[in-house]
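Report on the structure given below.
The values are calculated or read from the model by the stated rules, or taken from the named source; none is laboratory data. Only a predicted model underlies this, so the values are computations on that prediction, with no experimental measurement involved. Ideal geometry is used to build each Cβ from the backbone, glycine not excepted, and the neighbour counts take in all protein chains shown.
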Number of protein chains: 2
Amino acid sequence: MRCLVPVDLEAPKSRLAAVLSPTERQAFARAMLEDVVSTLTAADCQPTVVATARIDDETLPDRTTVAVDDRPLTAAINARLADGEPTLVVMADLPLVKPTDVRRLTESDAGVTIAPGLGGGTNALVVREPAFRVDYHGLSFLDHCRAATQIQANVETIDSRRLATDIDEPADLAEVLIHSTRGAASWLSSAGFDLETTDGRVSVVRE
Amino acid sequence: MRCLVPVDLEAPKSRLAAVLSPTERQAFARAMLEDVVSTLTAADCQPTVVATARIDDETLPDRTTVAVDDRPLTAAINARLADGEPTLVVMADLPLVKPTDVRRLTESDAGVTIAPGLGGGTNALVVREPAFRVDYHGLSFLDHCRAATQIQANVETIDSRRLATDIDEPADLAEVLIHSTRGAASWLSSAGFDLETTDGRVSVVRE
């Protein structure tokens, strides 16, 4: 199965601007990408990173390909879905994902298999139905379900906290420090981030 | 297996005070409790609602028991764990949970099985190890893992978005409207809440 990991490393993660500089956001996004790609290769996928501009591929796992595509996300994915080949699309900001989560996606035989993100996005999906096209935006999970139903494709939803946890905002950084010890978590620790509990709520502080 | 659902319906969900009055918070917490309890009975559990004060049990499913216990959450649960009986504890603010998620918990044979919440809490757990005691607070997931390891109990983590999504803050209400059509979602719709997408982020608005 084709495996795509779209990523923007030029100006990524703008919602983390309050806690990370532009250069730091690039480095953190890169660390998350490497976690995702190495998880995919551990799950026997051969990922193609679909990047908005050229990226250094030296620290990516061996079986990883980089394709540069400066189109918006939806157009870049749909151009590849057009040939009807079964395709797994995994976002690059899911550093908690484990190989077993990837297999839950690839082992589904539904026309469209979706792992929704928190906030109603589509963090990962498998498209087996040749007529299906993506439309990424805020509430894409519900729209993708509707679009699949309209073309009589059956939909399976994957219920995974790890696949649901895309790292977009400062509060999300706590999830990385709680549940991961891999690259993105190490990067945050090296940058001085640590967990803090106040009034029963968990957040991060930076030294 | 014994099944406990601790709940405070006296002054629940203080973090929703910005969008719901005290009376509304009670009604919404009650709607979430009913969703959770009916999911548990559908999964062949016989839940005991451990309430901080007397509650009306008329609209709860038939096989549900109510026990009043005004001790803090941790003490109320540990008093029941003391007899060593295998016990499932499910929080009352998980309106997305489905019977299949409950079975993932009850079918685990680990000494301690934990479904972490977003933010590092413990949203559900199964205790089979008689020596294990709970300690609920902000980062209880990591502490429960450590406590289990200290008594040589093996720990299994359940990776479920639905079990991870406890409804505490206004932003969480969107998850209910996106993923549920049951009691808590109906209550929110009746109260005038609807989904809104702004700048790619999903939130709720109230008419």
Original post:
Residue check, B:D159 against (1) charged (D, E, K, R); (2) more than 20 Å from A:G117 (Cα to Cα); (3) in contact with a Ser or Thr (Cβ under 7 Å, 6 or more places away or on another chain), all met but one. Which one?
Top reply: (2)
Original post:
When B:A115 is evaluated against the numbered criteria (1) outside any loop (DSSP other than H, G, I, E, B); (2) more than 12 Å from chain A (Cβ to nearest Cβ); (3) of a type outside the set (S, T, Y), which criterion, by number, is the only one it fails?
Top reply: (2)
Original post:
Given (1) assigned to a helix (DSSP H, G or I); (2) more than 20 Å from A:S21 (Cα to Cα); (3) among the charged types (D, E, K, R); (4) out of contact with any helix residue (DSSP H, G or I) (no Cβ under 6 Å at 6 or more places or on another chain), where does A:D101 come up short, assuming only one miss?
Top reply: (4)
Original post:
Hey, any hits in segment A:165-178 for a residue that's buried (at least 22 other Cβ atoms within 10 Å of the Cβ) and in contact with a His (Cβ under 9 Å, 6 or more places away or on another chain)?
Top reply: yes
Subject >> Criterion violated by A:T197 - all others in (1) in contact (Cβ under 8 Å) with a residue 40 or more places away in the chain; (2) β-branched (V, I, T); (3) within 12 Å of chain B (Cβ to nearest Cβ) satisfied >> reply: (1)
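Between A:A164, A:A147, A:A171, which is of a type outside the set (D, E, K, R) and farther than 21 Å from A:R15 by Cβ? Step through it out loud before you land on a result.
Numbers: A:A164 fails: farther than 21 Å from A:R15 by Cβ; A:A171 fails: farther than 21 Å from A:R15 by Cβ.
Selected residue: A:A147, the only one of A:A164, A:A147, A:A171 that is of a type outside the set (D, E, K, R) and farther than 21 Å from A:R15 by Cβ.
Among the residues of segment A:134-151 satisfying the criterion of being touching a Ser or Thr at 6+ places or on another chain (Cβ under 7 Å) and more than 9 Å from chain B (Cβ to nearest Cβ), which is nearest to A:D83 (Cα to Cα)?
Just the residues of segment A:134-151 that are touching a Ser or Thr at 6+ places or on another chain (Cβ under 7 Å), to begin with: A:134-136, A:138-141, A:144.
Okay, now just the ones that are also more than 9 Å from chain B (Cβ to nearest Cβ), so A:134-136, A:140, A:144.
Working: A:V134: 14, A:D135: 17, A:Y136: 19, A:S140: 22, A:H144: 19 Å.
Here the residue is A:V134.
From the list A:A110, A:A184, which one is more than 12 Å from chain B (Cβ to nearest Cβ), modelled with pLDDT of 95 or more and surrounded by fewer than 23 Cβ atoms within 10 Å (Cβ to Cβ)?
Working: A:A184 fails: surrounded by fewer than 23 Cβ atoms within 10 Å (Cβ to Cβ).
Of A:A110, A:A184, the one residue that is more than 12 Å from chain B (Cβ to nearest Cβ), modelled with pLDDT of 95 or more and surrounded by fewer than 23 Cβ atoms within 10 Å (Cβ to Cβ) is A:A110.
The rows are residues; the columns are (1) within 14 Å of chain A (Cβ to nearest Cβ); (2) more than 19 Å from A:S160 (Cβ to Cβ).
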residue: B:T59; (1), (2): no, yes
residue: B:T64; (1), (2): no, yes
residue: B:A75; (1), (2): no, yes
residue: B:V97; (1), (2): yes, no
residue: B:L125; (1), (2): no, no
residue: B:V155; (1), (2): yes, no
Subject >> Single residue of B:A51, B:A75 found to be over 18 Å from B:R128 (Cβ atoms), in contact with a strand residue (DSSP E or B) (Cβ under 6 Å, 6 or more places away or on another chain) and not basic (K, R) >> reply: B:A51
**OP:** Working only within segment B:1-41, note down all residues that are hydroxyl-bearing (S, T, Y), under 18 Å from B:L188 (Cα atoms) and part of a helix (DSSP H, G or I).
**Re:** B:S14, B:T23
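Within segment B:120-135, how many residues are touching a residue at least 40 places away in the same chain (Cβ under 8 Å) and either surrounded by fewer than 18 Cβ atoms within 10 Å (Cβ to Cβ) or of a type in the set (G, A, S) (or both)? Explain how you work it out, then say what you get.
Step one: of segment B:120-135, the residues touching a residue at least 40 places away in the same chain (Cβ under 8 Å) are B:121, B:123, B:126-128, B:130, B:132-135.
Restricting the remaining residues to those that are either surrounded by fewer than 18 Cβ atoms within 10 Å (Cβ to Cβ) or of a type in the set (G, A, S) (or both) gives B:121, B:130, B:133, B:135.
Residues meeting the conditions: 4.
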Subject >> Members of segment A:1-33 found to be under 28 Å from A:R103 (Cα atoms) and loosely packed, with under 15 Cβ neighbours inside 10 Å, listed by number >> reply: A:M1
**OP:** Determine if segment B:69-76 includes at least one residue that is among the hydrophobic types (A, V, I, L, M, F, W, C), surrounded by 15 or more Cβ atoms within 10 Å (Cβ to Cβ) and part of a strand (DSSP E or B).
**Re:** no
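Would you point out which residue out of B:R54, B:R71, B:R25 is over 28 Å from B:E107 (Cα atoms) and within 17 Å of the chain's Cα centre (by Cα)? Show your work before the answer.
Numbers: B:R54 fails: within 17 Å of the chain's Cα centre (by Cα); B:R71 fails: within 17 Å of the chain's Cα centre (by Cα).
Being over 28 Å from B:E107 (Cα atoms) and within 17 Å of the chain's Cα centre (by Cα) holds for just one of B:R54, B:R71, B:R25, which is B:R25.
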**OP:** Give me the pairs, please: first residue somewhere in segment B:21-40 and in contact (Cβ under 8 Å) with a residue 24 or more places away in the chain, second residue anywhere and among the basic types (K, R) and surrounded by fewer than 24 Cβ atoms within 10 Å (Cβ to Cβ), beta-carbon distance under 6 Å, and either six or more positions apart or on two chains.
**Re:** B:A29/B:K13; B:D35/B:R182
